[in-house]
Amino acid sequence: MKLKLTIIILIISFNLFGQSNLKKVDLNENYSWQNHSEEEINEYYFGLKPITKSVTKYHFRYIKTGQIIDLTSNDGIEFTGQLINETTEYKSIKTEYGNDSKANNYVYEIKEINKTNSTKVGQYIIKQKTYLIPTDSLISNWSFDWLDCFGIGLNYKVNNKIYLKSYTCPWNQIDTLKYVSQIKNTYKYINQTLDLEKEYSKFTNKLEKGKSYSKDSYTMMYIMTDKENEGWRKGKPIRDYKKSIKDTIDNYLETKLNQLIPNSTELNCYDDYSLTFSKRGKLKSMKVDMGFWERLFDKDYKKCKRILKKAFKEIKIDFVDPKYEFNRELSFGQKGIYIYDRMVY
């Protein structure tokens, strides 16, 4: 079953972009994750020299999705640090399949971390000797089978020795595994001491309105303009009503479709269909993310479309009053037909 994994988050914020210290750098296809290492990417876009070239005796770099923390010291006692908050800005493009979005540039800021907190984290790392913990591939029974679960990087220079570590989805690992508790405690301590969630929230509040962003290429964040914000506020009663009948409609559609098409798992159907219903609950349109020629000549698509249209003739949403048009997505999965509501309430 192919699902659309992008999650849209609407953000309301003050537009401080012109007055902030945010920077932009265009994406270069010659410097991507496909052809360069993480250190090379960070140096090219954010000016971060690889830790292997650091001139200080102690240098700790903590990398998580959307943020990079750099701490340095010559004596291992007092540390100075900086925080990079970053995200990718997306632009709308047209394709033969319709509208889409494409990563366009990095937006980021570099902030100094106060000396007290920098020193707390630096001394914690030295005291706990987290740099001696093996990287995830060297830890027995470490699980890598997590879908869309990101990880952290912890790179260290200690007394001029280099330790490069990464941990895939550490928060979902079993605590009884060796080293897992130490790793979890380390990222929790860093996150809490430096208040990283709050710092990232302040960063997103500075982003330009009317644009889409993502820090992980999975979750999309759209920041509304003032006009859109006003429309969103006015539309709340409609969204509240739609939400109140959402589960009733979804459960009915899913149950009824699986009754009418009991052999759906045997059909070679295109996975996802976007459905639009009228305010009276009748199907108005059914679209797929396919090119014109595919829709014209794909026999399986035509067959499945006929089957769905026939089924929807038997479906009547007359047990509730929709009042407004509404949309759903239909997917053919391994265990039957699924209905999803992508609306943000």
State all residues of the range 151-163 that are open to solvent by 20 Å² or more (accessible area, probe 1.4 Å) and among the aromatic types (Phe, Trp, Tyr); if no residue qualifies, say none.
163
So for the range 259-266 (the condition being part of a helix (DSSP H, G or I), over 25 Å from residue 148 (Cα atoms), open to solvent by 50 Å² or more (accessible area, probe 1.4 Å) and modelled with pLDDT of 95 or more), does at least one residue qualify?
yes
So, residue 83, is that one without any contact (Cβ under 8 Å) to a residue 40 or more places away in the chain and hydrophobic (A, V, I, L, M, F, W, C) or not?
no
Condition (residue is over 26 Å from the mean Cα position of the chain (by Cα) and assigned to a strand (DSSP E or B)) applied to the range 286-297: is it met by at least one residue?
yes
Scan (1) surrounded by 14 or more Cβ atoms within 10 Å (Cβ to Cβ); (2) outside any strand (DSSP E or B); (3) at pLDDT below 95; (4) of a type outside the set (Lys, Arg) for the single condition residue 250 breaks and write down its number.
(3)
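For the subset of the range 267-304 comprising residues that are within 17 Å of residue 314 (Cα to Cα) and not hydrophobic (A, V, I, L, M, F, W, C), which member is least open to solvent (accessible area, probe 1.4 Å)? If you could, list the steps in order and put the result at the bottom.
If we filter the range 267-304 for residues that are within 17 Å of residue 314 (Cα to Cα), which is where we start, we get 275-278, 280-286, 304.
Cutting the leftovers down to not hydrophobic (A, V, I, L, M, F, W, C) gives us 276, 278, 280-282, 284-285.
Details: 276: 29, 278: 25, 280: 194, 281: 3, 282: 94, 284: 119, 285: 37 Å².
Out of the qualifying residues, it is 281.
A quick yes/no check of all residues on (1) within 30 Å of residue 292 (Cβ to Cβ); (2) of a type in the set (Val, Ile, Thr); (3) under 18 Å from the mean Cα position of the chain (by Cα):
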residue	(1), (2), (3)
59	no, no, no
83	no, no, no
91	yes, no, yes
107	no, yes, yes
128	no, no, no
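Which strands (runs of 3 or more DSSP E) sit wholly inside the range 25-115 and have at least 3 residues that are open to solvent by 60 Å² or more (accessible area, probe 1.4 Å)? Reasoning before the result, please.
Values: elements: 58-64, 67-73, 80-95, 98-113.
Answer list for the range 25-115: 80-95, 98-113.
Restricting the range 119-140 to residues that are polar (S, T, N, Q) and more than 26 Å from residue 216 (Cβ to Cβ), which is surrounded by the most Cβ atoms within 10 Å (Cβ to Cβ)? Quick ask: steps written out before the conclusion?
Our first condition is that a residue be polar (S, T, N, Q); within the range 119-140, this holds for 119, 123, 128, 130, 135, 137, 140.
Then drop every residue that is not more than 26 Å from residue 216 (Cβ to Cβ), which leaves 119, 123, 128, 140.
On the way: 119: 18, 123: 15, 128: 14, 140: 8.
Residue satisfying both the conditions and the ranking: 119.
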Return the total of residues in the range 164-178 being within 28 Å of residue 53 (Cα to Cα), open to solvent by 50 Å² or more (accessible area, probe 1.4 Å) and either charged (D, E, K, R) or over 22 Å from the mean Cα position of the chain (by Cα) (or both).
1
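Any residue that is of a type in the set (Val, Ile, Thr) and modelled with pLDDT under 95 - is there at least one of those in the range 268-282? Full working, then the answer.
In the first step, residues of the range 268-282 are kept if they are of a type in the set (Val, Ile, Thr); the result is 276.
From what's left, modelled with pLDDT under 95: none.
No: zero hits.
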Among the residues of the range 210-228, count how many are open to solvent by 50 Å² or more (accessible area, probe 1.4 Å), touching a residue at least 12 places away in the same chain (Cβ under 8 Å) and more than 19 Å from the chain's Cα centre (by Cα).
2
The number of residues in the range 316-337 that are among the aromatic types (Phe, Trp, Tyr) and at pLDDT 95 or above is 2
Among (1) within 25 Å of residue 227 (Cα to Cα); (2) modelled with pLDDT under 85, where does residue 95 come up short?
(1)
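The values are calculated or read from the model by the stated rules, or taken from the named source; none is laboratory data. Remember, predicted model here, so these are calculated numbers, not experimental data. Backbone-built Cβ (ideal geometry, glycine too); neighbour counts: all protein chains shown. For the accessible areas, the whole protein counts, side chains as well, though only heavy atoms, and no ligand, DNA or RNA atoms are used. Shrake-Rupley method; radii C 1.70, N 1.55, O 1.52, S 1.80 Å.
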